[in-house]
1. Could you please find all residues in the range 493-513 being in a loop (DSSP other than H, G, I, E, B) and closer than 20 Å to D548 by Cβ?
2. Regarding R79, is this residue surrounded by fewer than 18 Cβ atoms within 10 Å (Cβ to Cβ) and charged (D, E, K, R)?
3. Considering only the range 96-104, I want to know if a residue exists there that is over 30 Å from Q244 (Cα atoms), among the aromatic types (F, W, Y) and in contact (Cβ under 8 Å) with a residue 24 or more places away in the chain.
4. Name the residue that is surrounded by the fewest Cβ atoms within 10 Å (Cβ to Cβ), counting only residues in the range 410-431 that are free of Cβ contacts under 8 Å to residues at least 60 places away in the same chain and in a strand (DSSP E or B).
5. From the set of residues in the range 234-252 that are basic (K, R) and either over 24 Å from A106 (Cβ atoms) or touching an Asp or Glu at 6+ places or on another chain (Cβ under 9 Å) (or both), which is surrounded by the most Cβ atoms within 10 Å (Cβ to Cβ)?
6. Looking only at the range 514-534, which residues are surrounded by fewer than 13 Cβ atoms within 10 Å (Cβ to Cβ) and assigned to a strand (DSSP E or B)?
7. State whether one or more residues within the range 214-231 are free of Cβ contacts under 8 Å to residues at least 60 places away in the same chain and assigned to a loop (DSSP other than H, G, I, E, B).
8. Can you pull out every residue in the range 20-58 that is within 27 Å of V126 (Cβ to Cβ) and hydroxyl-bearing (S, T, Y)?
Amino acid sequence: RELGGDGARRMVVIKRVLPHVAEDPHFVDMFRDEARLAMNLNHPNVCHVYTFGEAENTYYLAMEWVNGMPLSKIIRRARDKGGIPVEIALRIVAQVAEALDYAHRATDAAGEPLGIVHRDVSPQNVMVSFDGIVKLLDFGIAKASSHSTRTEAGIIKGKFAYMSPQQCVGEPIDARADIFALGICLFEALAGKNPFRRKTEFETMTKIVGDPTPDLLARRPDAPEAVAVIVERALMKQPERRYQTAGEMQIALEQAIAGRGTFVNSARLGEYVTQLFPEELRDGPTLDTRIGKMPSTPPSQESVDSRPRPAPPGSTELDAVALPVATPSVAPAPPPKKRGGAGIAISVVAVLSLLLLVGAGGLAATWVFLREPETPALVENDPPPVPLPPRVEAPPPTEPAAPTTGSVFVESDPPGATVTFDGEAVTGQTPLEIGLVAAGTHEVAIQLDGHEEWTGNVVVVAGRRATLTGDLRRIPTVHRAGPPGRLSLNTRPWSKVYLGRRLLGTTPIGNVEVPSGTVRLRLVDRDGQEHRRALRVGPGEHVNQSFDLRE
């Protein structure tokens, strides 16, 4: 935090480069470039990066903490309650689109476009606070075309299930890749499921590249036609057929919200999240680790005590050494001097325990609670500072042995499932972590009552953490359908008529059997333009309908 006299404090997130990656100069250069980039972004819907630096050979950055829930968890929690209301989902995604539009249009000091692409837009990186504020996270792997450190051809960044077709095949990308990812987020927020995710990364990318545009109305029949059109356009395979800017997509979303005759402000959005997660709001973050003060500038080797310190109860060794602990040369320390600018003096009093892998697996994130260091009162005629006893230097550390095992983080959608790993049952329910896993390929099965079993493979790399997500399909309850109806249809101009993936014929069509209930048709005219129409067919009823597609 910036030094001030008001004693203010705030929660932040500390992200640091993991030790095995910090040895890679290319990754460190990339981290510095991207941290500088993120610090220059200042928008209400962008999670702010306060500072970054190096201490004890560890690179870190301090980010804004958002008191809320990620969109991914909102989607899962809402699934059992009928899904996220359409206007709520539209409002969340519209604010993300606004954040992306700001970043995509960002310029340097000379007014030249930076060419920023986020490249990791996903529900996990969208936070909705309990106050109803939407924040886009993790511009930490964003790319600016003007950066000195560039991504090599063929190197993939981002989550596979949210990549654009161009990312999947290693082609150059621009801001329209973020629009494709945002379209997936909108589909998932409304339908409760990612349309492309499969058991393996290869299958997922194959679906993204080769499958037709998913039909939102087949998964969310109550969604307005205008919203289905927004999803369809955002998910076009060819970038030139998508929205060309995130701002253009935002306008379409705002128009769709207005078309529903509803108004969603921050208060209503926050109220919705609070109703979904009352316990999480009440309990707040878990603070379980105490560490020392992190300097605003990299300390010298002489001023930093590198001796190992025991970890507090309930913490892990990694938590205890996550940040440097500065040791003063005399005691007590003199009052701190005032400084201007963006200097940060951080007194860290607690850490939230979980490490989060980011991008290529090179960053660790830690929640910390910041408070300005207290200034000791000056007492007249105080005795002079007493020098501390000389410090005993620790022996040089031995070279650690190369790791031979990794770990696997298993989650399921919905959660609460049991896991079988290489044929053996794992204690606990998803989400769960399996440690000390030998490097190589392993078989995983996920089971949950009322759902089909999910099976797949995971590749574990020594010293790394693999993440596996099982999308569990609910076993449908058999309902006795009513008798079908009949449909006769004509259009001007003529069109091909589809019911789902089934081609009913080319208009005019007559006396075709269709299921009773709401029938949603996809009409493809002679110019290849798609039109969607819905009509009601009662059991045993014969409906005769015509549509003018020129209107």
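The values are calculated or read from the model by the stated rules, or taken from the named source; none is laboratory data. Small disclaimer: the values here were computed from a predicted structure and weren't measured. Because the Cβ atoms are built from the backbone with ideal geometry, glycine has one as well, and the counts that use them run over all protein chains shown.
1. P493, W494, T507, P508
2. So R79 passes the test.
3. Within the range 96-104, none of the residues are over 30 Å from Q244 (Cα atoms), among the aromatic types (F, W, Y) and in contact (Cβ under 8 Å) with a residue 24 or more places away in the chain.
4. E424
5. Among those that are basic (K, R) and either over 24 Å from A106 (Cβ atoms) or touching an Asp or Glu at 6+ places or on another chain (Cβ under 9 Å) (or both), it is K237.
6. T518, A534, listed by residue number.
7. There is at least one residue in the range 214-231 that is free of Cβ contacts under 8 Å to residues at least 60 places away in the same chain and assigned to a loop (DSSP other than H, G, I, E, B).
8. Restricting attention to the range 20-58, the residues satisfying the condition of being within 27 Å of V126 (Cβ to Cβ) are 21, 27, 30-52.
If the condition is that a residue be within 27 Å of V126 (Cβ to Cβ) and hydroxyl-bearing (S, T, Y), then Y50, T51 are the ones that fit.
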